[in-house]
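Here the structure comes first, spelled out in structure tokens, and everything after it is commentary.
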Amino acid sequence: MDPRRRTGLSTLPLTTASPGNLVLRGRIAGVEEIDEYWFAAFALAWEAFQERSIPVGAVLVDGAGVIVRRGRNRMSGTAAPAGQIAGSRIAHAEINALAQLPPGVHDNHVLYTTFEPCFLCTMALRFSHVGTVRFAAPDAMWYGVEQLPQINHHVARRWTRRDGPLGGWWQEFSLLLMHISAIERDALGTSQAQPATADLAHSLAGAPADRLRQASLPEAVDELRPQLDRARPSA
């Protein structure tokens, strides 16, 4: 288990999905099943990757288990839904998911995001009064951010609980997309991808990744699964 893993939070109830809808239930043949919240976040991350924005997606789930807000990174985008940001370095997935959340106390809300929130998004969560954030993959740049509540009691009050990383295949998939994106943006530096995953990212960056961008998320996962399975330490 990842030494940074923080658990102990109950699982929210799932909203109803059609028994035959594999996308909503997060099932792709041969890959670990994830719940609909994680799958929705990864679908948004894939949209960001297709756009050549940073591949991060996020969904906000209320206490009844309903997805109430969605956001993805739109740094390279030229348009965004009303109330969201595009074409900016602060057009982060979490910011876009939280931007239209009305003021109030949202302790029973959970934000699912495919990559560990940065300092900007961490503080956005705190000021949005969201109770919990769950992230799929770690970001070494933000090691220690969970210690910020120790600064003073004002920061600690309404601090958003952090739960992650997710572990398993989808964590490594998130890291693979982030590593490909970093190579293409010449922005490597803090990647947590395993060496074999990093090598795979180098082989895919550029034209092969552009071809993948034409596929749907299930199609891309189906193509990448054998390669990523070989790259993963547990494979």
Revision key, fill the gap. Among residues of segment 143-180 being at pLDDT below 95 and among the small types (Gly, Ala, Ser), the residue nearest to the chain's Cα centre (by Cα) is GLY167
Practice item. Please state which one of LEU188, LEU200 is touching a His at 6+ places or on another chain (Cβ under 9 Å) and either of a type in the set (Gly, Ala, Ser) or outside any helix (DSSP H, G or I) (or both). Key: LEU188
Review point. Is it true that some residue in segment 53-72 is part of a helix (DSSP H, G or I), at pLDDT 95 or above and either hydrophobic (A, V, I, L, M, F, W, C) or closer than 22 Å to PHE173 by Cβ (or both)?
Key: no
**Study point:** Candidate set: segment 87-97, residues that are open to solvent by less than 10 Å² (accessible area, probe 1.4 Å), aliphatic (A, V, I, L, M) and under 22 Å from LEU166 (Cβ atoms); chosen: the one nearest to the chain's Cα centre (by Cα)
**Key:** ALA93
Check your understanding: Is segment 208-226 home to any residue that is among the hydroxyl-bearing types (Ser, Thr, Tyr), farther than 26 Å from GLN100 by Cα and open to solvent by less than 60 Å² (accessible area, probe 1.4 Å)?
Key -> yes
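The values are calculated or read from the model by the stated rules, or taken from the named source; none is laboratory data. Small disclaimer: the values here were computed from a predicted structure and weren't measured. All Cβ positions, glycine included, derive from the backbone under ideal geometry; neighbour counts span all protein chains shown. Accessible surface areas use protein heavy atoms only, side chains included; no ligands, DNA or RNA. Shrake-Rupley method; radii C 1.70, N 1.55, O 1.52, S 1.80 Å.
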